[in-house]
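The values are calculated or read from the model by the stated rules, or taken from the named source; none is laboratory data. Values in this document were obtained by computation on a predicted structure and should not be read as measured data. Note that we place each Cβ from the backbone using ideal geometry, even for glycine, and neighbour counts take in every protein chain shown. Keep in mind that these areas ignore ligands, DNA and RNA; they rest on the heavy atoms of the full protein, side chains included. Shrake-Rupley method; radii C 1.70, N 1.55, O 1.52, S 1.80 Å.
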Amino acid sequence: MPYVSTNPSNTSDVVTEIELGTSRTFVDAAQRAKAAQRTWARVPAPVRGQVIGNIGRLVEANFEPLAQLVTREIGKPIAEARGEVQEIVDTCNFFVGEGRRLYGQTVPSEMPDKQLFTFRNPVGVAAIITAGNFPVAVPSWYIIPALLCGNSVVWKPAEYSAASAQAFYDVFQAAGIPAGVFEIVFAEGSETFNGLEQALQNGLVDKVGFTGSSEVGVRIGELCGRHLQTPCLELGGKNPMVVTEDADLDLAVQGALFAGFGSAGQRCTSLGTAIVHESVYDEFLSRFVEAASGAVVGDPTGDVLYGPLLDEKFALAYEKYLGWIGEHHEVHGPTGRITAASPRNGFTGENGFFYHPAIVSGVRSDDELFLQETFGPIVGVMKYSDLDEAIELGNKPGYGLSCSIYTTDPNKAFRFRAGISAGMVSVNNSTSGAEAHLPFGGNGKSGNGSRQSGVWVLDQFTRWQSMNWDYSGKLQKAQMDTLEIGANLDFRLG
């Protein structure tokens, strides 16, 4: 079945056309990956690290064309697209040396003439399924460490970022990865799920990595659980930002503007609700509304806060979220699609899925707008009176990906960190923003506790193996043939 990927800034601009595969396509790719994996695992880990280094250099050599393609295909502002490509380079730079540091340990034995060892072994075949809002950065978080650890990979990217995915794949192939070790599959979601189910039943997939909605993540978690596998799930978020009474309000507004509206609010780490102390609520809200009203929205090739929504399906979903605005809310400025009938000052876009930034105050803790992820340029604002209340509000939606607190009081920062359920906490910084050597991931509805990036992701793509080597020449039984040294436990001073 053909699929046409268009430019969301200009829907008449066709970026690429691909043929979508079926569940059989996915299974066939998994079979090729399975056949190639053991040979790849036998390549010494430092040599696999050299391949990761090759990828990094090739990405640098193709840096600007890849960033421009990301901007054209998904509408991400070019500055953010360049940052996304840099994330691949940073990930490669981190992992290029990890091939020399896939350390095990030599462990002392409780018996003489016996040695104990631990080893990291590759999992096998990793099936990676990613969303298109970060079409090249997030896949690199999975694929680079998976390959480094000696796994083969079957990657299913989002259809609406197919051109970016193909370019990413082509760069990786040029780095010297053997045939079958890295496979790409374009397929619709249900066909992918069916293919994954068949591949798991046939023993072709040993690890699943998924970035996407919490709803789909639940289904993938259930499927993997039936095969006694634990997937790496990076799901949605409803990320709170707490603004305390002693916060630097100008800094807090800058953070809220970028966290809420950068990438048109289409990040899993985008700001969901600003929870503001009652003593500074009015001032913060006034400054935030002013900043949003003056921000430039439009053509993502220029200097804009954000561009269009990713694709028509996301625009339709966002319209549903706008429907959650109730009579008790106050909306600051226009909402909905930017059109001639609903214009925006300074707008630089044309024929695309461009939407006004929406700030909604008066949000309550039982609102859908507060409880559910809203993937798009909308931020709720609500009051709190003491920090424990703010923490409780931050935890209530049940997500646990990212959060931030703006305060000049270290005591508040550490109390917030200890009480909030999120996997990532920022102090005086945006809810969005990840570094390649820091663990990334969430809890609750945001994920199953798995982590990407840094050394922590190695536990997703390796399995610990222990070995004991007895060279005593006799059978020594653990816990039974151990030396005991007696002590006079009745001894007392005086």
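Values as computed for the structure displayed
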quantity: Qualifying residue in region 147-162 (condition: without any contact (Cβ under 8 Å) to a residue 24 or more places away in the chain, more than 22 Å from S450 (Cα to Cα) and open to solvent by 10 Å² or more (accessible area, probe 1.4 Å)); calculated: no
quantity: Region 355-386, residues that are of a type in the set (S, T, Y), outside any loop (DSSP other than H, G, I, E, B) and under 23 Å from P334 (Cβ atoms); calculated: Y355, S361
quantity: Inter-residue pairs, beta-carbon under 8 Å, first under 26 Å from S109 (Cβ atoms) and assigned to a loop (DSSP other than H, G, I, E, B) and in region 480-494, second open to solvent by less than 100 Å² (accessible area, probe 1.4 Å) and aliphatic (A, V, I, L, M), 6+ apart; calculated: D481/M111; T482/M111; L483/M111
quantity: The lone exception for G237 - which of (1) more than 30 Å from E283 (Cβ to Cβ); (2) open to solvent by less than 10 Å² (accessible area, probe 1.4 Å); (3) touching a Leu at 6+ places or on another chain (Cβ under 7 Å) it fails; calculated: (1)
quantity: Selected residue (criterion: farthest from E188 (Cα to Cα)) from residues of region 131-146 that are open to solvent by 10 Å² or more (accessible area, probe 1.4 Å) and touching a strand residue (DSSP E or B) at 6+ places or on another chain (Cβ under 7 Å); calculated: W141
quantity: Single residue of region 215-232 satisfying the filter (small (G, A, S) and in contact with a strand residue (DSSP E or B) (Cβ under 9 Å, 6 or more places away or on another chain)) that is most open to solvent (accessible area, probe 1.4 Å); calculated: G221
quantity: Unique residue being over 21 Å from V138 (Cα atoms) and surrounded by 15 or more Cβ atoms within 10 Å (Cβ to Cβ) when the list is V89, V70, V43; calculated: V43
quantity: Residue that is farthest from A187 (Cα to Cα), among those in region 163-175 that are touching a residue at least 12 places away in the same chain (Cβ under 8 Å) and open to solvent by 20 Å² or more (accessible area, probe 1.4 Å); calculated: A174
quantity: Verdict on A35 being surrounded by fewer than 21 Cβ atoms within 10 Å (Cβ to Cβ), of a type outside the set (D, E), within 23 Å of M467 (Cα to Cα) and more than 25 Å from the chain's Cα centre (by Cα); calculated: no
quantity: Residue match in region 47-61 (condition: in contact (Cβ under 8 Å) with a residue 60 or more places away in the chain and of a type in the set (D, E, K, R)); calculated: yes
quantity: Condition met for R287 (over 26 Å from G394 (Cα atoms), of a type outside the set (V, I, T) and either more than 27 Å from the chain's Cα centre (by Cα) or open to solvent by 10 Å² or more (accessible area, probe 1.4 Å) (or both)); calculated: no
quantity: Restricting region 13-32 to residues that are open to solvent by less than 70 Å² (accessible area, probe 1.4 Å) and among the polar types (S, T, N, Q), the residue that is nearest to C92 (Cα to Cα); calculated: T16
quantity: Those residues of region 320-352 which are charged (D, E, K, R), under 30 Å from the mean Cα position of the chain (by Cα) and surrounded by 13 or more Cβ atoms within 10 Å (Cβ to Cβ), in sequence order; calculated: R337
quantity: Strands (runs of 3 or more DSSP E) contained entirely in region 387-472, each with at least 3 residues that are touching a residue at least 24 places away in the same chain (Cβ under 8 Å), surrounded by 18 or more Cβ atoms within 10 Å (Cβ to Cβ) and at positive phi; calculated: none
quantity: Residue tally, condition closer than 14 Å to A199 by Cβ and not in a strand (DSSP E or B), over region 124-153; calculated: 1
quantity: Flag for S361 being open to solvent by less than 10 Å² (accessible area, probe 1.4 Å) and over 26 Å from the mean Cα position of the chain (by Cα); calculated: yes
quantity: Test result for P108, out of contact with any Cys (no Cβ under 9 Å at 6 or more places or on another chain), more than 16 Å from A45 (Cα to Cα) and surrounded by fewer than 20 Cβ atoms within 10 Å (Cβ to Cβ); calculated: yes
